[in-house]
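The values are calculated or read from the model by the stated rules, or taken from the named source; none is laboratory data. Fair warning: this is a prediction, and the values are worked out from it, not measured in the lab. Glycine gets a Cβ as well: all are built from the backbone with ideal geometry, and neighbour counts include every protein chain shown.
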Amino acid sequence: MPDKSENQLVISAIGSDRPGIVNELSQLIVQNNGNIDDSRMTVLGGEFAIILLISAPADDLTKIEQILKGQEEKLKLSIISKYTQPGSELEKQIPYVVEVLAMDNPGIVYKLADFLSSRNINIQSMQTDRYPAPHTGTPMFAIEMIITIPQSIIINELRDDFLDLCEDMNLDASIEAAR
């Protein structure tokens with residue numbers, strides 16, 4: 001029997017938020033010998049979105065994929081799936097946490113992503129939030145990212161350049177090693 005960790009399926013699903021979605025999806029997966037290795041879930045507006053990394057023997061993954069596709073209408077979800085393999089590390093990457101807070105204005109995510117991608121820095125996860133500031137109601141924007149930095153990059157130089165960019169954009173920001 002092949003090693004389960006080498007047979008992986010990424011499932012992405014979105015649909016109107018309602019109680020029980022996670023229960024229904026996880027039940028289908030576990031009943032068919034699948035294991036949820038990693039997941040992200042959130043409600044955006046009135047929509048529930050989930051991304052799952054599932055591992056199982058190859059035949060079971062195929063079965064899980066077919067069952068989920070066949071259950072889209074019943075689950076009231078749009079489901080996309082893609083087979084994948086465990087990530088390879090060409091160069092050791094160092095995880096860092098980036099936090100940014102600012103008055104909301106267009107282009108913040110783009111400018112930060114452009115800065116990072118131009119240095120071959122990968123954004124592993126990102127969460128953004130827009131909310132009114134206490135007392136004033138001013139629209140605020142917060143970002144939290146986990147990034148991975150190649151060992152070849154000098155972190156002090158990167159931090160200085162990043163904080164200079166954030167200062168020019170009037171953003172409060174930090175970049176610290178992940179714990």
Within segment 164-178, tally of residues that are surrounded by 15 or more Cβ atoms within 10 Å (Cβ to Cβ) and in a helix (DSSP H, G or I): 2
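Only residues that are in contact with a Phe, Trp or Tyr (Cβ under 6 Å, 6 or more places away or on another chain) and surrounded by 15 or more Cβ atoms within 10 Å (Cβ to Cβ): list them for segment 114-148, please. Walk me through it before giving the result.
Quick first cut of segment 114-148, residues in contact with a Phe, Trp or Tyr (Cβ under 6 Å, 6 or more places away or on another chain) only: 130, 140, 147.
Listed by number, the residues that qualify are MET140, ILE147.
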First in segment 106-134 and on the phi < 0 side of the Ramachandran plot, second anywhere and in a loop (DSSP other than H, G, I, E, B) and not polar (S, T, N, Q), Cβ under 6 Å, 6 or more apart: ARG130/ASP104
Meets criteria (farther than 19 Å from PRO95 by Cα and modelled with pLDDT of 95 or more) for ASP164: yes
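Going by the structure shown, is MET126 assigned by TED's automatic domain parsing to the domain that holds ASN105, assigned to a strand (DSSP E or B) and either closer than 16 Å to VAL97 by Cβ or touching a His at 6+ places or on another chain (Cβ under 9 Å) (or both)? Talk me through it step by step, then tell me what you get.
Working: assigned by TED's automatic domain parsing to the domain that holds ASN105: yes; assigned to a strand (DSSP E or B): yes; either closer than 16 Å to VAL97 by Cβ or touching a His at 6+ places or on another chain (Cβ under 9 Å) (or both): yes.
Yes, satisfied.
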Selection count, segment 129-149, where residues are more than 19 Å from the chain's Cα centre (by Cα) and assigned to a strand (DSSP E or B): 4
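Matching residues to (1) at pLDDT 95 or above; (2) surrounded by 13 or more Cβ atoms within 10 Å (Cβ to Cβ); (3) outside the structural domain of LEU25 (by TED's automatic domain parsing):
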position: LYS63; (1), (2), (3): yes, yes, no
position: GLN66; (1), (2), (3): yes, no, no
position: LYS74; (1), (2), (3): no, no, no
position: GLU99; (1), (2), (3): yes, yes, yes
position: GLY107; (1), (2), (3): yes, no, yes
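Per-residue answers, yes or no, for (1) in contact with a strand residue (DSSP E or B) (Cβ under 6 Å, 6 or more places away or on another chain); (2) farther than 27 Å from ILE50 by Cα; (3) polar (S, T, N, Q):
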site	(1), (2), (3)
LEU112	no, no, no
PHE115	no, yes, no
ILE121	yes, no, no
PRO134	no, yes, no
MET140	yes, no, no
MET145	yes, no, no
ASN156	no, yes, yes
ARG159	yes, yes, no
CYS166	yes, yes, no
